[in-house]
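Here the structure is laid out as structure tokens; the discussion comes afterwards.
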Amino acid sequence: MSLFEAKSIVKSFGGNTAVNNLSFTVEKGEILGIIGPNGSGKTTVFNLISCFFPLTSGEIYFKGKRIDQVPAHDICKLGIGRTFQVVKPLKRMTVLENVTVGAFLRTNSMTKAKLKAEETVDFCGLSQFKNYEAKSLPIALRKRLEIARALASDPELIMLDETCAGLNPRESEEAIAIIKRIREAGKTIIIVEHIMKVMMGISDRILAINFGSQITIGKPQEVARHPEVIKAYLGDDHA
Amino acid sequence: MKNKNWLFTLLALVIALVIPLLIKAPYQLHMIILILIWATIGTSWNLLGGYGGQVSFGHAAFFGLGAYSAGMLNLYFELSPWWGMLLGPLAAAIIAFPIGLICFRLRGPYFALAMLALGEIFRILFTNLSVTNGAQGILIMPAITSKAWYYYIALAILVVTVMTTYKIVNSKIGYYLVSIREDQDAATSLGIPTTTYKIIALLPSAFFTGLAGALYMNYVAFIDPKIVFNLVNVSIMIILVVMLGGPATTWGPTIGAAIYIILGELFRATLGAANVLVFGLLVCIIIMFMPNGILGALTSLRRFVRQQKGWPGGTKHESV
Amino acid sequence: GCGSQKTKGAAEAIKVGVILPLTGSEAIFGNMEKNAFEMAYEELKAAGKTTIGGREITLLFEDDQGKQDVAKSATEKLINQDKVSMLSGAYSSASTNVIAGAAQSMSMPFLIATGSADDITKKGWQWVFRGTAAPASKYTISLWQMIDQVVKPQSVAIIYESTDFGKSSAKSFKAEAEKRGLKIVYDQPYESGAIDFKPMLAKVKNANPDMVFAVSYLMDASMIVKQSKELDFNTKLFVGGGAGYTLPEFRENAGDASEYIASSTLWVPTVTWPGAKEFFEKYKQKFGKEPDYHGAQAYATMYIIGDALNRAKEFNNTGIQKALKETDLMTVMGPIKFEDWEGYTNQNKPYSYVVQWQKGKLEVIWPEDVKSSPYLYPVPNWKDRT
Amino acid sequence: MLKVINLNASYKDLQVLWDVSFEVKQGELVVLLGANGAGKTTILNSISGIIPGTKGVIEFLGTDITKLASFKIAAQGIIHVPEGRRLFPEMSVKENLEMGSLLPEAKSKRKETMKKVFELFPILHEKQHQEAGDLSGGQQQMLAMGRGLMALPKLLILDEPSLGLSPVLVTQIFDIVKEINSQGVTVLLVEQNVAKTLSMCNRAYVLENGRVVMEGEGKELLNNDHIKEAYLGI
Amino acid sequence: MLFGQSVVSGILLGSMYALIALGMTLIMGVMKIINLAHGAIVMVGMYVTYVCFQQFGIDPYLGMFVAMLVAFLIGCLIQKYMINILVKVESILPQNQVLLTIGIMLVLTEIARLIFKSDYRSVATGYSSNTIFLADMSISVPMLIGFFIAIAFTTLLHLFLTKTDLGKSIRATAQDRDAAVYMGVNASKITVITFGIGSALAAAGGSLLLPIFYLYPDVGQLFNAKSFIITILGGMGSTMGAIIGAIILGTAESLGATYISMGYKDLVGLIMFILVLLFLPGGLRSFVRR
Ligand SMILES: Nc1ncnc2c1ncn2[C@@H]1O[C@H](COP(=O)(O)OP(=O)(O)OP(=O)(O)O)[C@@H](O)[C@H]1O
Ligand SMILES: Nc1ncnc2c1ncn2[C@@H]1O[C@H](COP(=O)(O)OP(=O)(O)OP(=O)(O)O)[C@@H](O)[C@H]1O
Ligand SMILES: CC(C)C[C@H](N)C(=O)O
Ligand SMILES: [Mg+2]
Ligand SMILES: [Mg+2]
């Protein structure tokens, strides 16, 4: 049994079908990358998995349990964490407090939550900034804070939405290092990213979509060579 | 640091306890009682509004419910309105529950306006229903005459309210509330059932507001719907009290209440026909120049001093 | 200047605290009452009645902004800070209630000027006196005489503002009507400040009552009669329950729609009590505005205060309470005595009148023996007027 | 054309720029490089006057514009296409373009310029009556640039135009930037896509922690070891 | 006839609210603030019209333009020297703007009280009580005039916002203030103008009421809640939504007064308000775009 499975999920906004009959699975411990042109529905897939929007039709399973009907806030409890493409820091809380909020999911004790938060902050290389208000962080650190916060809630599956966008190559590498460490810690990851170097480097498999439907899914190299992916997404000079 | 805080609180409490022995003048004591009542309401509102970011323009509903519970016990069962101190807060909290379920589906200004409308709905209902004695209101004879007693009761209520709020705020619930205020979507993604937590904040908020309402009934001895369900004089003044002192701070509402009552009375007693005008001007000035209230202004001052020490210096790859 | 000198040498003043809404939405009445109080005070002074045994009566006015908790603060301040000997004033029933409760619990004599909620003098409160104001339910004594003898309606419609005064008046009117077996075809409150009363009036018109009894403050009264005219709603007699229907502003705003509108009231300038007309003329001249009965109430109240203080043996609370209790004074509001009756305590028995707007003037039409003009009944339909 | 001399800027009490100086000459394509939070956006915002509290001198075509109100800077011919597109989501594509040409000079040539913009971005012509909020990310970026061009800018400032775009669109956007520049518009560009920008620009400045630490021709910097290490991750 | 009269009265009543709400929707839509001083501006407009009539014999429908001018200036000053200063400072609760507008409301009301006392005033024009009868239904002439003026202003405002550069700049500023600045729009001037126009419309609404209503310093409070209801009903910032919302509210109040009780009339509006908030968050605008 796969850790996660989406079965023919569909999402329409009025007349516009953002996700169209998409099915895929994620195995425990793997990193699944999702690529696709702008507006092809990647973020929407995340929003559907985390139940921010109700599905128009289809089913989603996590650890064999159907989860597409549960309220959004229960998703995290079940073990699925996420970050936001447009970062959403808790601006007037410090970095540590931000992460503590995530840690409170698994405990009611203040000391335990703080301990977990400290750990996670360290893990993401944010300890230097832990007492700074989130609003004063630059974008790279804000993105990292997103990851840390989601990690603190101890998810089995974590969804990362463009955590490297707007980072320069060097910074991206740092981010990739963190993502790899997350995987080493035994977590499963779905990642959306436009930077192919990142995607090729860390994904076990890549799902390419366009207009909300699957183009192809498979090993990164194969996907990158897929003519339709090249046409719709990569452009010729990436071939 | 922590010890110092406790010492401070203890000292303040001792001072508070001996105040009636020092201030014999009932008029001054009366002002202090009003301050305590408003501080209680403000502190309750602050839990939901200041920390949780759910700005309610309808807290008069809970205040009025508390007051009417006390009044109606007296009207119908000839019970001492002091029993209202038990019933009032419960009634407010019970009614708050469905209100929360309805209004918390809305965010930001929409929530504020829905609460405003709900407060008005209560006023209209209590004005027109005959069980509540309608517009005629409820008049009772004050049960005790000693100001000191009212003072101690009001003080006890405030202390309990502040302590409860403090406990809540410095727990998981508090973290969750603030995170809901800062970003509701992020909060949801971290597994916070936002509506549940807003209701968790609303219930004590309504409870203590209702308690203050019941005390008000006992103390002022007359209520009618126009008084206790008043939009401007209750719902909005609560917000003003909190904003003046400092939202999302422990003592801000109390400080705000003191300013509101003392300045209001001072102006009224000395400025004649222009007293409300001057008060209005003052409100404008404070809000414009101290957007986070007096305590907020103090905090930024402190932070300013702290930040002079500077940012620990960018990311790892320092200069070349 | 001279003020400070006086206080130094002379004996302590006898302070009378007067709480009125001097700002806020009720300020129009609060200021009218203040003017009347001061006018009466000056007259008493000219008559040498404001200095008793070397001690001068001084009035301390406090603004309650029309808010009840402020009224409470003002009461506390006057009693405890300023150490007044007695209290008076308040415009609205709400403020009056609060002041009365506080005065009673602090054993301070309080003479109500205008507040008319029934309850206040029904609590057995010995320190609370009501002279110039009637309980709201007693405004209509004369009106019922007239209804019984002249109007003899089969059906009535009752409309009233949802305030204490409106509700009390409507309630007692309804009770009387039921006692007589009249058919009540409409009985509903409304909230003050509406722009459009036509939906309500159209329904009343549909019910076709023989008479309408309407209790309205202020400008709602003129809106209601104007829109009745616009709707061409005719009834044999439209009677107001005091308040709005007797104000000068009513005539001004309603224009000829006010013609033949009747009202019960406690006072009009044309009453036959001594000094009433003089008060009206003097006030009008002095302040450039016509006073209504609230002004007269305040004016008479000041006279009651002066009288009681001049008779008081001691200027402490019991002395003044006793003097008030023994009051037997003729005022512009009629004779004043504080009696206990029908469950009321220290309540003067009011005189009420029925008045009617005739040719732009408010004429007393009932009781017959004090009328200033004969009643006009039934009133002509709007269309039949010229 | 544009001269920035000893620019200092702070947010409240936090200083983020220290003595930044650089220059853009007529017709050039100049790039500002730097890590996240280095202060690139802050520089651009200082130029267009959006943030107060800057010290130093900013000269444009010989006049000091440091203290000018931001909307007046736009009137001087400096048009800023901000980070994150910042369209008017509830206005149509056409209305968005019109909003670009409010200034008198641009307004008089509104029709012609719009035609040119449509030639450059045919997709916008197709979608001109659609609301901007309904466009895809890449289309929105094109609209943002088109809106900037509508003002007939003397200097076009682009802040990370390729952010969050798919690779194929990134290529397109860079082609368009080159195209715009070759048509005579001076461009000041901020980018994270270091390799690509360096290979197409005239000159570049490298910014670290709010200070200019390096400047030079694009090709030259591409071969610099520090750049390679810190920005290209080689 | 009862039903007909209720509906006709309601439509006319709604049109009396329309301009006030139109001003509100503009201010709320662009500035995103809850403006509790709006009613006070209506009051100012009414006093200006009143003074024009009493002192100079200017008909209220002409005095309206003077009132609009005065209100425009007051609105501009409020925005420029108060609200614009406040938006620059950061607050934990953005709602502190509401309190500023409360302060402004108190100040305006009390200034009016100092000048005009608390007296009730009214303007009796020759046509104040004129009515037309349409098959037994009475139609007030001044309200009918108000109806047409409201429609005219709404149309003008709509054209202004969609056809002129200034109007478009207002909409652009509403959607993204900084982006508008990048385009060379003087955004703070735009907000000032917007608040001015919104206030002028509110004042115009007040002037329309004058021939049939009355005024006193606190009169404005009657209109705040109604304007909110209409604004939310119509959709924030929607001109057409405002006038349709106003007419719906008027009709609902009127029918409520007839068939439920005059005392509960306002309840109808408030409940409708909450229902719209819950189930039609975009207001009528979700159906009619702008
Ligand atoms: N809340 C919403 N309401 C209406 N339409 C939406 C909503 N969210 C997304 N869409 C539409 O759904 C489609 C997919 O959007 P989505 O954000 O999932 O794209 P994406 O693949 O994440 O793009 P990008 O790479 O630019 O982030 C787009 O056409 C978008 O306009
Ligand atoms: N509004 C603000 N308030 C406080 N600090 C800010 C603000 N905006 C930016 N900063 C800080 O100023 C510094 C420079 O930010 P700036 O946005 O100019 O960087 P950048 O080089 O454009 O980065 P990016 O690549 O992320 O766009 C950062 O440390 C950032 O945290
Ligand atoms: C009509 C007035 C005599 C009413 C009185 N002022 C009251 O409020 O009770
Ligand atoms: Mg996306
Ligand atoms: Mg930037």
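The values are calculated or read from the model by the stated rules, or taken from the named source; none is laboratory data. If you're wondering where the values come from, they're calculated on a predicted model, not measured in any experiment. Neighbour counts are summed over all protein chains in view; Cβ atoms, including those assigned to glycine, are modelled from backbone coordinates with ideal geometry. For accessibility, only protein heavy atoms count, side chains too; no ligands or nucleic acids. Shrake-Rupley method; radii C 1.70, N 1.55, O 1.52, S 1.80 Å.
For region C:134-164, which positions are part of a helix (DSSP H, G or I) and of a type in the set (S, T, N, Q)? Hits for region C:134-164 are C:SER137, C:SER142, C:GLN145, C:GLN149. Just checking, does region D:123-145 include any residue being within 16 Å of ligand 5 (Cβ to nearest atom) and either outside any loop (DSSP other than H, G, I, E, B) or surrounded by fewer than 16 Cβ atoms within 10 Å (Cβ to Cβ) (or both)? There is at least one residue in region D:123-145 that is within 16 Å of ligand 5 (Cβ to nearest atom) and either outside any loop (DSSP other than H, G, I, E, B) or surrounded by fewer than 16 Cβ atoms within 10 Å (Cβ to Cβ) (or both).
When we screen D:LEU97, D:LEU158 for residues that are in the same structural domain as D:GLN192 (by TED's automatic domain parsing) and either more than 20 Å from E:LYS168 (Cα to Cα) or at pLDDT 85 or above (or both), the only hit is D:LEU158. What is the residue count in region E:250-275 for residues that are more than 7 Å from chain C (Cβ to nearest Cβ) and part of a loop (DSSP other than H, G, I, E, B)? Adding up the residues that qualify gives 1. Taken over region D:38-56, the criterion of being within 14 Å of chain E (Cβ to nearest Cβ), in a loop (DSSP other than H, G, I, E, B) and touching a residue at least 40 places away in the same chain (Cβ under 8 Å) is satisfied by D:SER48, D:ILE51, D:GLY53. The residue that is farthest from the other protein chains (Cβ to nearest Cβ), among those in region D:57-86 that are of a type outside the set (Lys, Arg) and within 16 Å of ligand 2 (Cβ to nearest atom), is D:ILE58.
Within region D:207-224, the residues that satisfy the criterion of being away from chain A (no Cβ under 12 Å) and either under 21 Å from D:GLY37 (Cβ atoms) or surrounded by 23 or more Cβ atoms within 10 Å (Cβ to Cβ) (or both) are D:ARG211, D:VAL212, D:VAL213, D:MET214, D:GLU215, D:LEU221. There is at least one residue in region A:211-218 that is within 16 Å of ligand 4 (Cβ to nearest atom), over 21 Å from A:LEU141 (Cα atoms) and either within 18 Å of the chain's Cα centre (by Cα) or of a type in the set (D, E, K, R) (or both). For region A:13-57, residues that are within 16 Å of ligand 4 (Cβ to nearest atom), open to solvent by less than 30 Å² (accessible area, probe 1.4 Å) and not in a strand (DSSP E or B) total 13.
If the condition is being within 16 Å of ligand 4 (Cβ to nearest atom) and within 11 Å of chain A (Cβ to nearest Cβ), then region D:111-159 contributes D:ASP134, D:LEU135, D:SER136, D:GLY137, D:GLY138, D:GLN139, D:GLN140, D:GLN141.
Residue pairs whose Cβ atoms lie under 9 Å apart, separated by 6 or more positions or on different chains, with the first residue in region E:70-93 and farther than 27 Å from B:TYR51 by Cβ and the second hydrophobic (A, V, I, L, M, F, W, C) and not in a helix (DSSP H, G or I), are E:ILE78/E:ALA37.
Taking the conditions (1) crowded, with 22+ Cβ neighbours inside 10 Å; (2) away from chain D (no Cβ under 14 Å); (3) in contact with a Cys (Cβ under 9 Å, 6 or more places away or on another chain); (4) assigned to a helix (DSSP H, G or I) in turn, A:PRO155 satisfies each one other than (4).
Within region B:129-142, the residues that satisfy the criterion of being surrounded by 21 or more Cβ atoms within 10 Å (Cβ to Cβ), at the interface with another protein chain (Cβ under 7 Å from one of its Cβ atoms) and on the phi < 0 side of the Ramachandran plot are B:ALA135, B:GLN136, B:LEU139. Set side by side, the residues A:VAL87, A:VAL10 differ, and just one is open to solvent by 20 Å² or more (accessible area, probe 1.4 Å) and within 16 Å of ligand 5 (Cβ to nearest atom), which is A:VAL87.
Looking across region A:90-100 at every residue that is at the interface with another protein chain (Cβ under 9 Å from one of its Cβ atoms) and not polar (S, T, N, Q), the one that is surrounded by the most Cβ atoms within 10 Å (Cβ to Cβ) is identified as A:LEU90.
In region C:51-112, counting only strands (runs of 3 or more DSSP E) that sit wholly within it, the ones holding 1 or more residues that are at positive phi and crowded, with 22+ Cβ neighbours inside 10 Å span C:86-89. Residue count for region D:199-230, restricted to those that are outside any loop (DSSP other than H, G, I, E, B), out of contact with any strand residue (DSSP E or B) (no Cβ under 6 Å at 6 or more places or on another chain) and under 22 Å from D:LYS178 (Cα atoms): 6. A single entry from E:GLY75, E:GLY10, E:GLY39, E:GLY63 fulfils the requirement of being open to solvent by less than 10 Å² (accessible area, probe 1.4 Å) and in contact with an Asp or Glu (Cβ under 7 Å, 6 or more places away or on another chain): E:GLY10.
Being touching a strand residue (DSSP E or B) at 6+ places or on another chain (Cβ under 7 Å) and at pLDDT below 95 holds for only one residue in C:ALA13, C:ALA117, C:ALA102, and it is C:ALA13.
Just wondering, is there one or more residues in region E:28-41 that are over 30 Å from E:ALA179 (Cβ atoms) and in a helix (DSSP H, G or I)? Checked region E:28-41: at least one residue is over 30 Å from E:ALA179 (Cβ atoms) and in a helix (DSSP H, G or I).
Among residues of region C:152-170 being at pLDDT below 90 and away from chain E (no Cβ under 14 Å), the one that is nearest to ligand 1 (Cβ to nearest atom) is C:ASP164.
Which one of these is open to solvent by 50 Å² or more (accessible area, probe 1.4 Å) and facing another protein chain (nearest Cβ under 8 Å): E:ILE85, E:ILE151?
Residue meeting the stated conditions: E:ILE85.
In this structure, is D:ILE51 away from ligand 4 (no atom under 16 Å from the Cβ), open to solvent by 20 Å² or more (accessible area, probe 1.4 Å), in contact with a strand residue (DSSP E or B) (Cβ under 8 Å, 6 or more places away or on another chain) and over 26 Å from D:PHE174 (Cα atoms)? For D:ILE51, the condition - away from ligand 4 (no atom under 16 Å from the Cβ), open to solvent by 20 Å² or more (accessible area, probe 1.4 Å), in contact with a strand residue (DSSP E or B) (Cβ under 8 Å, 6 or more places away or on another chain) and over 26 Å from D:PHE174 (Cα atoms) - is met.
Would you mind stating whether A:VAL26 is of a type outside the set (D, E, K, R) and closer than 18 Å to A:GLN69 by Cα? It is false that A:VAL26 is of a type outside the set (D, E, K, R) and closer than 18 Å to A:GLN69 by Cα. Meeting the requirement of 1 or more residues that are open to solvent by 10 Å² or more (accessible area, probe 1.4 Å) and out of contact with any His (no Cβ under 8 Å at 6 or more places or on another chain), the strands (runs of 3 or more DSSP E) wholly within region A:171-239 are A:205-210, A:213-218. Residues of region D:183-206 include none that is free of Cβ contacts under 8 Å to residues at least 40 places away in the same chain and open to solvent by less than 10 Å² (accessible area, probe 1.4 Å).
Among the residues of region B:129-152, is there at least one that is of a type in the set (Val, Ile, Thr) and assigned to a helix (DSSP H, G or I)? The answer is no; no qualifying residue exists.
Considered as a group, the residues in region B:24-68 that are among the small types (Gly, Ala, Ser) and within 14 Å of chain C (Cβ to nearest Cβ) include one that is nearest to C:ASP82 (Cα to Cα), and that residue is B:ALA25.
Evaluated against (1) closer than 12 Å to D:LEU188 by Cα; (2) open to solvent by 60 Å² or more (accessible area, probe 1.4 Å); (3) not hydroxyl-bearing (Ser, Thr, Tyr), D:ILE43 falls short on exactly one condition, (2).
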